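No lab work stands behind these numbers, since they all come straight from the coordinates. Everything numeric in this text was worked out from a predicted model, so none of it was measured. Note that we place each Cβ from the backbone using ideal geometry, even for glycine, and neighbour counts take in every protein chain shown.
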Amino acid sequence: MPHPFNVSRIHHVAYRCKDAKETADWYRRVLGMEFITAFAEDHVPSTGAYDPYMHIFLDAGGGNVLAFFELPKQPAMGRDLNTPEWVQHIAFEVSDMEALTIAKAHIEAQGIDVLGPTFHEIFRSIYFFDPNGHRRELACNIGTPEQYEELRRVAPLMLEEWSQTKKAPRHADWLHVDPGALVE
């Protein structure tokens, strides 16, 4: 049975920020994202509750939009202390390793600590935090079409095994094999 509708893309991903102007300036300076739209209301449209906010939107490339809410009447923002900070993040794609290397140097020149590049077999990435404490990642794909096809094939098998055992399935262990180690 076909699905009754299709999702065409992410309209926007929203996070909370401490200061909307500082956040818009940081994303422009550090990641080159253009500030494109702002909404400010005293009442939340979906609930009618009084909760003044500034909602900003940034062009993240490829039709993707990154958004933030500044909520001055709410308690100071925090994070989910039961989830490691490496888990909740958003990754933006860059074209290749050269772009990733250039990005790392640019971000470090802004005085921002950068972790990586980290090797993930089919992509490499760097990690850093925005001024609101949100973890960000820049990644470039380095896998082959065959690798991505095989990963797609085994994904349902891995998920099913994980759901039953809660142990890491081994269907993609071939990713971790050093090709040089196979040559004698």
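Taking a Cβ cut-off of under 13 Å around E137, the surrounding Lys, Arg, Asp and Glu residues balance to a net charge of +1, with basic ones at +1 and acidic ones at -1. Label separation (A99 vs D42): 4.5 nm, computed from points 7 Å beyond Cα along the C-beta direction.
Against the chain, whose longest principal axis is taken from its Cα atoms, helix 145-165 shows a tilt of about 80°. In this structure, the pairs whose alpha-carbon distance is over 28 Å, taken from K18/K104; K104/K167; K21/K104, are K104/K167. Between Y148 and M1, the simple spin-label model (points 7 angstrom out along Cα→Cβ) gives 3.2 nm.
Relative to the dominant Cα principal axis of the chain, helix 20-31 is inclined by about 30°. What is the local net charge at R28, summed over the other residues whose Cβ is closer than 15 Å to its Cβ (Lys, Arg +1; Asp, Glu -1)? Neighbourhood net charge equals -3. Rounded to the nearest 5, what is the percent of antiparallel bridges among the DSSP beta bridges in the chain? For the chain, the DSSP antiparallel bridge percentage is about 70. Here the sum of -39500 (n - 2.57) over DSSP H runs of 4 or more residues, divided by the residues of the chain, equals -8000 deg cm²/dmol at 222 nm, to the nearest 500. Computing mean projected area of the Cα convex hull in nm² for the structure here picks out one of (i) 14.2; (ii) 15.5; (iii) 10.4, namely (ii). Our summary gives the chain a relative contact order of 16 percent, counting only alpha carbon pairs under 8 angstrom and 6 or more residues apart.
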